[in-house]
2 protein chains.
Amino acid sequence: MVTRLSNYFLRTLREDPSDAEVTSHRLLVRAGYIRRAAPGIFTWLPLGLKVKAKIEGIIREEMAAAGAFEVHFPALLPRDPYEQSGRWTSYGDGIFRLQDRKGADYLLAPTHEEMFTLLVKDLYSSYKDLPLTIYQIQDKYRDEARPRAGLLRGREFTMKDAYSFDYTDAGQDASYMGQRDAYERIFQRLGLEYVIVAADNGLMGGARSEEFLHPTAIGEDTFVRSAGGYAANVEAFSTAPAEPVPFDADAAPVVFDSPNTPTIETLVAHSNAVLDTANGPYTAADTLKNVVLALTHADGTRELVVVGLPGDRDVDDKRAEVAFAPAAVEPATPEDFERNPLLVKGYIGPWSPEGAILGEESATGIRYLVDPRVGEGTSWITGANLDQKHAHSVVAGRDFFADGVVEVANVRAGDPAPDGSGPVELARGMEIGHVFQLGRFFAETLGLKVLDENGKLVTVTMGSYGIGVTRILAILAELNNDERGLVWPASVAPFDVHVVATGRDQAAFALAEQVSASLEDAGFDVLYDDRPKVSPGVKFGDAELVGVPQIVIVGRGAADGEVELWDRRSGERVVVPAAEVVARLGAGRG
Amino acid sequence: MVTRLSNYFLRTLREDPSDAEVTSHRLLVRAGYIRRAAPGIFTWLPLGLKVKAKIEGIIREEMAAAGAFEVHFPALLPRDPYEQSGRWTSYGDGIFRLQDRKGADYLLAPTHEEMFTLLVKDLYSSYKDLPLTIYQIQDKYRDEARPRAGLLRGREFTMKDAYSFDYTDAGQDASYMGQRDAYERIFQRLGLEYVIVAADNGLMGGARSEEFLHPTAIGEDTFVRSAGGYAANVEAFSTAPAEPVPFDADAAPVVFDSPNTPTIETLVAHSNAVLDTANGPYTAADTLKNVVLALTHADGTRELVVVGLPGDRDVDDKRAEVAFAPAAVEPATPEDFERNPLLVKGYIGPWSPEGAILGEESATGIRYLVDPRVGEGTSWITGANLDQKHAHSVVAGRDFFADGVVEVANVRAGDPAPDGSGPVELARGMEIGHVFQLGRFFAETLGLKVLDENGKLVTVTMGSYGIGVTRILAILAELNNDERGLVWPASVAPFDVHVVATGRDQAAFALAEQVSASLEDAGFDVLYDDRPKVSPGVKFGDAELVGVPQIVIVGRGAADGEVELWDRRSGERVVVPAAEVVARLGAGRG
């Protein structure tokens, strides 16, 4: 049945919505795909719902091909399973909590690991039942502090989340690869370029974690890649540890006056002025920067740590967050320094002529962690723990010893990839999918065990695989548009063909009717702009805004049986006999 | 692709779930369609999700055929629109309310009239935009006091709700009939017998309201119907008002002693003992029963009313609820009587030798409302408002005057239909749909107006049309089963054919494979029980429990190329050549 614009529930808007921060949000609202209902919460109009259904259809087909079965969990869930996993508390303000009329606690689920685990526990008991991968396409909820960017970061959003269940690690690897392959096919069908990057494997004890990122300059995530094929997001990037350097011949540390040099910049300038520069001028890379961080542990206790890293590096907040998780990290406060008078701000170092004040065994007892580049035998200019004094020739492994190594320094273009595949470059991307070996955390916590071949109870190992459906839709809109509107890929376009009848000639409308009907008969989903008193300019503007990839204009040439095919993406227009439209468009399908 | 039971996510259960109160709940859990997640909240397993999708598919097709467009509103909604309509408060404990991290109020929507109204207000402004009917299939929430009967009355449930928008009453009638016709087609396709009954038209000011009931003895609703075609639920049934009876010649009221006769039964017995029974014995229908009710109005004030009705009738709670809405009704309490000493319990009446104590103008000021049968000139035995005393020959319209007429008396088989189509019978049914002219309440409240042909702003008139998708699924399960399990109608069955391979003969499995593949090729959705080491008995039991309408058994006859077709509903089995299976089952399709 041809959809007629004269009575379709669609109104395009001339003005951008005042709250739209990004292109996808602006265009999806203007072109009549979505409307905002509350911050981060949207209503789906007919066009938007059609595109969403097409994305879901592609996902369902690829999940079925991968042998995954669809289920559907409630959005409204009782507290208990999330209490058992610890996430009722650890989600903090990030979830919506509520009570029913009897005062029982519920949440709107942000993700369903607990429920999937309990369902399988409920029904399965033997290794013979495994492997199993089940998934849902479901509306989820997160109480984002700053819902923004339209559908890119909403509070009510649709996700496909899959979970795999195996009783061996090898099985888990196979299930993981099955979903990973399905994701590749899904993104290929959606016409969405992707990079698979190593991701942080989190706290669950799982072995492998990868993100699918769409590389784009407007992406909110940074990742690194080498020409030799390495790719990781910055949180997961690891620095090759430094080879030990011989230091037997080095001079002992020397304290020197360094008034008003609390920053690396001022320290380098001062060093070049007062120290021996026979081997060339000093740079920030010759200094050891010591950053005081405050950790808040899960049990609420607060701990100061000092991180030593080359002076030309900064602490990267995201890498620090991952490195110290589950503890929360923040910079030390003035109060922290007041409470620790041995820490002389701007002059902190791992060595002092008056005895070490950093390290678990030191006067302060504050843990001292270093960047992997601060390897044994490396020599540094660094603080001497005395006001207005630094020291040079301070050698790691001789003059100081760290309590551990930590990866919090920022990654830079040119840093070597950890797999030896050459220097990395930095790029930006948008997360479009995540595949993740959860390991046995949830199964252990919630008691999901099966009997193995020997009749022994073994804990099941799980994988988690997520795609944000509404987020993907927004990203596709973000990537497929021009100054005049949306330009959908054929695989997700709300209609296959947009037929526009122009002019006042009844013959044009009659021919447009006929062309629309023959396209529908040939299996195309047709939107027919049959509005009788709307100018061609408005109709063309609407067609460009709505973004159906193929437009057929039926107007002046109608008397001669001719129509114009207009490719929305290339802008190319070509006049063809009306009788050839189906064949012409059919040739371009699939 | 053939679905193989050996790896399908399905476990049938031998035991009934302990919390299942009704057949549909019991069988849907045992056969692996749903699992309970919390009271009134369910997880959908693959089989259940397939049946649900089929029901939704039928609804979508019929909505499209009726010209309705699909949209999708959030479940999580801000308070404001519901505050404007007054429903934030009037829903009472019946909805889930919550706050976001900023303390803003939200609810989980139980129904979306406000949001639909505001959406159309947002986008439309002219009579030319109308008529419009839009709908959604969406998960809704109600905090039921007693979630029960599985999916029949859940707290999270799926509904299709449609709303029509017109600017004339004639347009509204047409839109209403469009949805009503679509509902008839939907229920016909679902194989669900229905009766369309007049329903209460509520408080919204709308003109017409009808329910689709499935007639069944286990239904929770009572409705009445006449042989002449009248049908209404009991709340909407109206009693024909009594014709005035001449009373000029009647004797004046007479008070008589009636010790220990506070009930109709004792009063009738006493009357037959002490009064003149020349015209035959008195019955309950000769007495006027006066029931004191307490109303709680929307503003919280409490009001007592007295209702007078023939002594052979009782107050029907549901009819009283509708008659007095939006006030809540309950029986008067002992405290109410203490506060109103003029009301002598068991001896209350509208007339008294000492002056009226009922009616707005009376000593108590308590409103006195009567059943339509208490018409002018009717004569009654009733309380005399004196302890242990009644009166006879008390005549309506002469000795007492009511403040109004009210429809709260129970309906009985044999009561005349209000349209003159004969006596009614009572029947029970389950509500499966509701079509409802809302009129202009929401449009007025939320300011939805359009310009008419004359450029004048007119308020839009709306209709509301609901089907409970998950409830329909439960009702279908409730109606289609036997002692061995479910028996789905073909239109909603999770699979078209269930192929069962039995025995240990590899030839049987090879033939079953082949039959399954040829059925899939012919467009059938096939569930193939390929489990290698499961006994035929267990396989047959599972097939009967799951309830796919057509079963193909491939076993002993396989060597001769023969299989058995088993019709799940009739139980009939017939041996046919394997090569004929597709043709045999194909003949029975559609």
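Tabulated results
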item: Per-copy distances of the A:GLY377 label point, shortest first, in nm (7 angstrom along Cα→Cβ); result: 12.3
item: Inter-copy separations for B:LYS345, label at 7 Å along Cα-Cβ, nm, ascending; result: 7.8
item: 13 Å beta-carbon shell around A:ILE366, net charge (K/R +1, D/E -1); result: -2
item: The protein assembly as shown: C-alpha pair distances exceeding 48 Å, %; result: 48 percent
item: Length added when fully stretched, A:THR296-A:ARG428, from 0.36 nm per residue minus Cα-Cα; result: 44.5 nm
item: Extended-chain gain in nm, criterion 0.36 nm per residue less alpha-carbon gap, B:GLU303 and B:VAL538; result: 78.2 nm
item: Computed FRET value (nearest 0.05) for A:ALA217 with A:GLN388, which takes r as the C-beta separation and R₀ as 56 Å; result: 0.80
item: Förster-model FRET efficiency, 30 Å R0, B:THR239 and B:ASN260, C-beta, rounded to 0.05; result: 0.40
item: Probe 1.4 Å, accessible area per residue of the protein assembly as shown, Å²; result: 41 Å²
item: Cα-Cα over 28 Å, subset of A:LYS533/B:LYS160; A:LYS160/B:LYS533; A:LYS52/B:LYS121; A:LYS52/B:LYS52; A:LYS318/A:LYS389; result: A:LYS533/B:LYS160; A:LYS160/B:LYS533; A:LYS318/A:LYS389
item: Whether region B:495-587 is rounded, prolate or oblate, judged on the alpha carbon gyration tensor where a/c under 1.5 counts as rounded; result: rounded
item: Loop-located GluC sites (Glu not before Pro) in region A:356-415 whose Cβ has at most 11 other Cβ within 10 Å (DSSP); result: A:GLU360, A:GLU361
item: FRET E, pair B:LYS456, B:VAL195, Förster distance 30 Å, beta-carbon r, rounded to 0.05; result: 0.15
item: Interface burial for A against B (accessible surface, 1.4 Å probe, total of both chains, Å², rounded to 100); result: 4700 Å²
item: Separation between Cα centres of region A:8-67 and region B:337-409, rounded to whole Å; result: 64 Å
item: Additional length obtainable on full extension of the chain from A:ARG573 to A:ASP19, 0.36 nm per residue less Cα span; result: 195.9 nm
item: Heavy-atom SASA rank of B:SER24, A:SER379 (probe 1.4 Å, accessible area, largest first); result: A:SER379, B:SER24
item: B:HIS25, A:HIS72, ranked by accessible area, largest first (probe 1.4 Å); result: A:HIS72, B:HIS25
item: Residues of region B:278-316 with amide N under 15 Å of a point placed 7 Å along Cα→Cβ from B:ALA249; result: B:279
item: Simple spin-label estimate for B:SER6 and B:ASP181 in nanometres, 7 Å along Cα-Cβ; result: 5.2 nm
item: Net charge of neighbours whose Cβ lies under 15 Å from the Cβ of A:PRO81, counting Lys and Arg as +1 and Asp and Glu as -1; result: -1
item: Radius 14 Å from Cβ of A:PRO577, net charge of other residues (Lys, Arg +1; Asp, Glu -1); result: -3
item: Peptide-level mean, for B:492-499, of C-beta atoms on other protein chains within 10 Å; result: 0
item: Trypsin sites (Lys or Arg not before Pro) within region A:68-151, DSSP loop, no more than 10 other Cβ atoms inside 10 Å; result: A:LYS102
item: Shape category assigned to region A:271-351 from the gyration tensor of Cα positions, a/c cut at 1.5; result: oblate
item: In nm, spacing of pseudo-spin labels at B:LYS449 and B:ASP173 (7 Å Cα→C-beta vector); result: 2.6 nm
item: Rounded, prolate or oblate (a/c below 1.5 giving rounded, otherwise prolate when a/b exceeds b/c) for region A:100-171 by Cα gyration tensor; result: oblate
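The values are calculated or read from the model by the stated rules, or taken from the named source; none is laboratory data. Bear in mind that the values here come from a model prediction, so they are computed numbers and not experimental data. Every residue, glycine among them, receives a Cβ derived from its backbone with ideal geometry; neighbour counts consider all protein chains shown. Protein only, heavy atoms only, side chains kept; ligands, DNA and RNA dropped before computing areas. Shrake-Rupley method; radii C 1.70, N 1.55, O 1.52, S 1.80 Å.
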